[in-house]
Amino acid sequence: MTRLLPGVIAMAAIVVASNILVQFLFGNWLTWGAFTYPLAFLVTDVMNRVYGVSAARKVVLVGFITGVICSFIGTQIMGEFGPLVTLRIAMGSGLAFLTAQLLDVAIFDRLREGRWWRAPVVSTLIGSSVDTAIFFTIAFSGTLTFLEPANDVSWAGEVLPLLGAGPMAPLWVSLAVADWMVKLALALLALVPFRVLVTKLSPNPA
């Protein structure tokens, strides 16, 4: 377990930081948390490459538990418009994280024998896409208001030009697309630290 400690600490730190930074806006479509959360995929992929599937899943579990704790704390903190974390956001966050991260682990494992960059790129791109789709749909889609009837998410359904310039779409779709684009960009940028970390931690370079 000692060898997994750096990964466990890194994952927990990323989840905690993302839960805090998501409260602060970056422009019109993003929060600062959008730039830290994708690093969770980097941690998972490094652990998977160096220590294997089982180790990666343990790190994911730690991240999930940390996220649940953060969500619970957030539900107890009242902001201007109610709890900082609503039931729908908590559900969407937890389900998205667990599903996307475990999918990332599985895809990475299937592709680990290919070129060194293929497994982290493909697994992260697919995992990130699933994460975005699950979270924003559960948290803000008007079709799922039955999950938390008392939570008014009508603001997220306001129809506006996509990202301020595209076709008309609900606001939450613009938020999701912006989040997804950041995740894709960071997935490619993360190849550099992935290569460096794997080379440093493993006796056999990826």
Q: Taking V85 as meeting all but one of (1) crowded, with 19+ Cβ neighbours inside 10 Å; (2) part of a helix (DSSP H, G or I), write down the number of the exception.
A: (2)
(Q) Take A96 and tell me if it is in contact with a Leu (Cβ under 6 Å, 6 or more places away or on another chain) and either in a helix (DSSP H, G or I) or at pLDDT below 95 (or both). (A) no
Q. Looking at region 1-53, which of the residues that are closer than 18 Å to W172 by Cα and of a type in the set (G, A, S) is surrounded by the fewest Cβ atoms within 10 Å (Cβ to Cβ)?
A. G27
**Q.** Pick from region 166-206, criterion touching a residue at least 12 places away in the same chain (Cβ under 8 Å) and of a type in the set (V, I, T), ranking: least open to solvent (accessible area, probe 1.4 Å)
**A.** V198
Q: Could you tell me which numbered condition V192 fails, if it satisfies all but one of (1) in a helix (DSSP H, G or I); (2) in contact with a helix residue (DSSP H, G or I) (Cβ under 9 Å, 6 or more places away or on another chain)?
A: (2)
Q | Those residues of region 26-72 which are within 16 Å of L98 (Cα to Cα) and not in a helix (DSSP H, G or I), in sequence order | A | Y37, P38
Q. Can you find a residue in region 67-78 that is open to solvent by less than 40 Å² (accessible area, probe 1.4 Å) and touching an Asp or Glu at 6+ places or on another chain (Cβ under 7 Å)?
A. no
Q: Kindly list, by first and then second residue, each pair from a residue in region 10-34 that is touching a residue at least 24 places away in the same chain (Cβ under 8 Å) to a residue that is surrounded by fewer than 19 Cβ atoms within 10 Å (Cβ to Cβ) and of a type in the set (F, W, Y), limited to pairs with Cβ atoms under 8 Å and residues at least 6 apart or on different chains.
A: A34/F26
Q: Take region 149-179 and flag every residue that is in contact with a Phe, Trp or Tyr (Cβ under 9 Å, 6 or more places away or on another chain), under 14 Å from L30 (Cα atoms) and not polar (S, T, N, Q).
A: A156, L163, G164, L171, W172, V173, L175, A176, V177, A178, D179
(Q) For region 67-88, give me each residue that is closer than 19 Å to S128 by Cβ and more than 13 Å from the chain's Cα centre (by Cα). (A) none
(Q) Criterion first (open to solvent by 30 Å² or more (accessible area, probe 1.4 Å) and closer than 16 Å to A40 by Cβ) does L163 satisfy it? (A) no
(Q) Going residue by residue through region 183-193, is there one that turns out to be β-branched (V, I, T), under 30 Å from G114 (Cα atoms) and out of contact with any strand residue (DSSP E or B) (no Cβ under 8 Å at 6 or more places or on another chain)? (A) yes
Q | Subset tally (residues that are outside any helix (DSSP H, G or I) and open to solvent by less than 60 Å² (accessible area, probe 1.4 Å)) for region 112-151 | A | 5
Q) Looking at region 107-121, which of its residues are touching a residue at least 40 places away in the same chain (Cβ under 8 Å) and among the hydrophobic types (A, V, I, L, M, F, W, C)? A) F108, W116, W117, A119, V121
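The values are calculated or read from the model by the stated rules, or taken from the named source; none is laboratory data. Everything numeric in this text was worked out from a predicted model, so none of it was measured. Here Cβ is always computed from backbone atoms with ideal geometry, including for glycine, and neighbour counts include all displayed protein chains. Surface areas here come from the heavy atoms of the whole protein model, side chains and all, with no ligands, DNA or RNA. Shrake-Rupley method; radii C 1.70, N 1.55, O 1.52, S 1.80 Å.
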